[in-house]
1. Under 7 Å between Cβ atoms, at least 6 apart or on separate chains: pull out the pairs that start in the stretch 228-248 with a residue that is free of Cβ contacts under 8 Å to residues at least 24 places away in the same chain and closer than 17 Å to LEU209 by Cβ and end on any residue that is surrounded by 12 or more Cβ atoms within 10 Å (Cβ to Cβ) and among the β-branched types (Val, Ile, Thr).
2. Is it true that LEU28 is more than 23 Å from PRO200 (Cα to Cα), surrounded by 13 or more Cβ atoms within 10 Å (Cβ to Cβ) and of a type in the set (A, V, I, L, M, F, W, C)?
3. Give me a count of the residues in the stretch 223-258 that are among the aliphatic types (A, V, I, L, M) and more than 26 Å from the chain's Cα centre (by Cα).
4. Please list, ordered by residue number, the strands (runs of 3 or more DSSP E) wholly in the stretch 74-187 having 1 or more residues that are crowded, with 22+ Cβ neighbours inside 10 Å.
5. Quick check on PHE165: is it within 27 Å of GLU14 (Cβ to Cβ), touching a Pro at 6+ places or on another chain (Cβ under 6 Å) and among the hydrophobic types (A, V, I, L, M, F, W, C)?
6. Return the only residue of GLN232, GLN214, GLN225 being in a helix (DSSP H, G or I) and touching a Lys or Arg at 6+ places or on another chain (Cβ under 9 Å).
7. Taking the stretch 230-253 as the search range and keeping residues that are among the small types (Gly, Ala, Ser) and touching a helix residue (DSSP H, G or I) at 6+ places or on another chain (Cβ under 6 Å), which one is surrounded by the fewest Cβ atoms within 10 Å (Cβ to Cβ)?
Amino acid sequence: MLNVKVENQIAHLELNRPEARNALSPELIQKLTHELQELSHRKDVRVILLSGAGKVFCAGADLNTMQAMVNFSHSENKQDAQALFGLFAAMEACPQPVITSVQGAAYGGALGLIAVSDIVLVGDGTQFCFSEVKLGIAPAVISAFILKKISAKSVSPWMLSGRVFNAQEALRCGLVTEVVHGGLKESANAWTQSFLEAGPQAMAATKKLLQSSQYWNDPAAVKNQTTDLIAQLRVSSEGQEGLKSFLEKRSPSWKVKS
């Protein structure tokens, strides 16, 4: 259901339901949420790689779950939706950068995973779809995270129509980082190496800064927050090591050689 491997400071998470196109069953949602929460506290993990086994990254909701939902009460439906929201929130909260490799297709809830990833690499033949409206429902839960990443104007044609769109269109609207014409693994490795050359505390602080910036509306508070952060980082052990290594023309202690 979910393959987990940690080696060389890299956590590999692979959705492993290829027979179901890696659909997000309640069990998979629970397990993936738990693993992300655990990884977020691990100091020996500096990068998280998410992928899907088989030809399709993730087809969204699980068919068996959708069949059961027909008879769900309002409270049961809300509980199910809250579990999915919790998954995206856990992934978004990870201090480590998250690289997601997408092949084949990403439908429905899969787009939520994409929205909370820091780097999204997609094969050039990948298809995307906010399929909810075709089922008479709305992309409600994922919208909370999609709209943090791209504007409503950019995504509204796809959310409102449920039309399938391609990798280049996903790139243009800002949903993905890079369309890969060769191997996804090689591209993911290149991004991973870049992250392994950066200070772990600095990356976590920068990620938190980027997430909080959407709520900035008080210039005085922004000035205090940003100047205080850089001052803290400059006097931290990591900041001191980074500055000294630069001046001494050597690699910092945290850099992992490829």
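1. Going by the 7 Å Cβ cut-off, there are no qualifying pairs.
2. yes
3. 4
4. 98-102, 105-107, 119-123, 127-129
5. no
6. After applying the criteria, what remains is GLN214.
7. Result: SER253.
Quick note: the coordinates plus some simple rules give every number you see, no bench work behind them. Please read all numbers here as calculations on a predicted model, not as lab measurements. Because the Cβ atoms are built from the backbone with ideal geometry, glycine has one as well, and the counts that use them run over all protein chains shown.
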